[in-house]
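Please treat every number below as a calculation from the coordinates, not as lab data. For clarity, every value in this text was computed on a predicted model and none was experimentally measured. Don't worry about glycine lacking a Cβ; one is built from the backbone with ideal geometry, like all the others, and counts go over all protein chains shown.
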Amino acid sequence: MGDNLQVAAVVLLLITGVISSVAPNIPLVVAMVPLLQDYTFSAGLAVPGEPLPASVLPLFYAMAIGATVGGNGTLAGASANIVAAGIAESHGFRLTFRQFLRYGAPVAIAQLLAGSLYVVLAY
C-alpha cells in the first residue's frame, strides 16, 4: 500500500468491515488504532512522538466506517442484530443466521462499497 492513502484507506475499510461481521466492532477498533498508528509511522505518513497529521484522517475514518457497517452483514456482527432476532422470535418468527445473512450480507457489501466511494471522493 505504501503511501497511497486512498488505496490504503479502501483496503483498511474492507478488511475492517469483513472482520467486524464476525467480531465485535468496539474491541476491533481498540485493537486496530495502535496498528494503524504504527502503519502511519512506518509508511512515513506521520512522525512518532508528534500529533498525527490531518492527512492520515481518511485512514481512521475508513476504519470507523468499516467497523460500523461491516457488522450489518451477519446476525452475530452487531448486538442490534441479535436483539432484533430476539424480538422477532418473541413474535413467533425464528430468524436463523443463514436467513439473516441472505439479506444482511448484500446490504453490508453495498454499505462498504458506498463507504469506500465516500472515502475516495471526500479525501
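Is it the case that Ile82 is among the β-branched types (Val, Ile, Thr) and within 15 Å of the chain's Cα centre (by Cα)?
Answer is no for this residue.
So is Val83 outside any helix (DSSP H, G or I), among the β-branched types (Val, Ile, Thr) and surrounded by fewer than 16 Cβ atoms within 10 Å (Cβ to Cβ) or not?
Against the criterion (outside any helix (DSSP H, G or I), among the β-branched types (Val, Ile, Thr) and surrounded by fewer than 16 Cβ atoms within 10 Å (Cβ to Cβ)), Val83 does not qualify.
If you check Ser21, Ser42, which single one turns out to be hydroxyl-bearing (Ser, Thr, Tyr) and loosely packed, with under 15 Cβ neighbours inside 10 Å?
Ser42 is the lone residue from the list that is hydroxyl-bearing (Ser, Thr, Tyr) and loosely packed, with under 15 Cβ neighbours inside 10 Å.
Check Val30, Val119 and return the single one that is touching a residue at least 12 places away in the same chain (Cβ under 8 Å) and of a type in the set (A, V, I, L, M).
So the residue among Val30, Val119 that is touching a residue at least 12 places away in the same chain (Cβ under 8 Å) and of a type in the set (A, V, I, L, M) is Val119.
Being over 15 Å from Gly115 (Cβ atoms) and touching a residue at least 40 places away in the same chain (Cβ under 8 Å): is that true of Gly73 here?
no
Suppose we filter segment 90-123 for residues that are part of a helix (DSSP H, G or I) and either of a type in the set (A, V, I, L, M, F, W, C) or closer than 11 Å to Ala62 by Cα (or both); how many remain?
Total satisfying the criteria: 19.
Residues in segment 20-39: is at least one touching a Leu at 6+ places or on another chain (Cβ under 7 Å) and under 19 Å from Val120 (Cα atoms)?
yes
Here's a check for you: in segment 51-80, which residue that is outside any helix (DSSP H, G or I) and not hydroxyl-bearing (Ser, Thr, Tyr) is surrounded by the most Cβ atoms within 10 Å (Cβ to Cβ)?
The residue in question is Ala78.
Is segment 1-12 home to any residue that is among the aliphatic types (A, V, I, L, M), free of Cβ contacts under 8 Å to residues at least 60 places away in the same chain and within 13 Å of Ala108 (Cα to Cα)?
The answer is no, given that none of the residues of segment 1-12 is among the aliphatic types (A, V, I, L, M), free of Cβ contacts under 8 Å to residues at least 60 places away in the same chain and within 13 Å of Ala108 (Cα to Cα).
Restricting attention to segment 52-84, report how many residues are within 13 Å of Thr40 (Cβ to Cβ) and in contact with a Leu (Cβ under 9 Å, 6 or more places away or on another chain).
9
Could you say whether any residue in segment 99-107 is surrounded by 12 or more Cβ atoms within 10 Å (Cβ to Cβ), out of contact with any Lys or Arg (no Cβ under 9 Å at 6 or more places or on another chain) and within 30 Å of Asn4 (Cβ to Cβ)?
So far as segment 99-107 goes, yes, one or more of its residues are surrounded by 12 or more Cβ atoms within 10 Å (Cβ to Cβ), out of contact with any Lys or Arg (no Cβ under 9 Å at 6 or more places or on another chain) and within 30 Å of Asn4 (Cβ to Cβ).
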